[in-house]
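The values are calculated or read from the model by the stated rules, or taken from the named source; none is laboratory data. These numbers come from a predicted model, not from an experiment. Using ideal geometry, Cβ is built from the backbone for each residue, glycine included, and neighbour counts are taken over all protein chains shown. To get the accessible areas, we keep the full protein, side chains included, count just its heavy atoms, and leave off ligands, DNA and RNA. Shrake-Rupley method; radii C 1.70, N 1.55, O 1.52, S 1.80 Å.
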Amino acid sequence: MYRPLYAEALAEGSAAARDLAEALKLAGFSLPSLYGDLPTITDKALVHLGGASAELVRELAAWIRERA
């Protein structure tokens, strides 16, 4: 259940998800289910990275490795 004290963490997670989505878009990637999520065990902001195809994840991993 959603609790008001989690509102700030949810907003932070949502902002972080938008930030990552924008950065991924610049690199030519999109995670279809990326969103800020409610905290579970801790009160810390969470980001649900969402479902992505194995192909997309491998492309993203290769892109990161090439630049690391």
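Would you point out which residue out of Leu38, Leu20, Leu26 is closer than 21 Å to Glu59 by Cβ and within 14 Å of the chain's Cα centre (by Cα)?
Checking each option against the conditions leaves just Leu20.
Among (1) open to solvent by 40 Å² or more (accessible area, probe 1.4 Å); (2) at pLDDT below 95, there is one condition Asp19 misses while meeting the rest; what is its number?
Of everything listed in (1) open to solvent by 40 Å² or more (accessible area, probe 1.4 Å); (2) at pLDDT below 95, Asp19 misses just condition (2).
Just checking, how many residues over the stretch 19-68 are touching a residue at least 12 places away in the same chain (Cβ under 8 Å) and charged (D, E, K, R)?
Of the residues in that region, 4 qualify.
Which of the residues belonging to the stretch 22-48 are surrounded by 14 or more Cβ atoms within 10 Å (Cβ to Cβ), touching a strand residue (DSSP E or B) at 6+ places or on another chain (Cβ under 9 Å) and not in a strand (DSSP E or B)?
First, the residues of the stretch 22-48 that are surrounded by 14 or more Cβ atoms within 10 Å (Cβ to Cβ): 24, 29, 31, 34-39, 45-48.
From what's left, touching a strand residue (DSSP E or B) at 6+ places or on another chain (Cβ under 9 Å): 34-39, 45-48.
Answer for the stretch 22-48, where residues must be surrounded by 14 or more Cβ atoms within 10 Å (Cβ to Cβ), touching a strand residue (DSSP E or B) at 6+ places or on another chain (Cβ under 9 Å) and not in a strand (DSSP E or B): Leu34, Leu38, Pro39, Ala45.
How many residues are among the acidic types (Asp, Glu) and within 29 Å of Ala54 (Cβ to Cβ) when one looks only at the stretch 1-40? Even if it seems obvious, please write down each step before you answer.
So in the stretch 1-40, the residues among the acidic types (Asp, Glu) come out as 8, 12, 19, 22, 37.
Now drop any that are not within 29 Å of Ala54 (Cβ to Cβ), which leaves 19, 22, 37.
Matching residues across the stretch 1-40 total 3.
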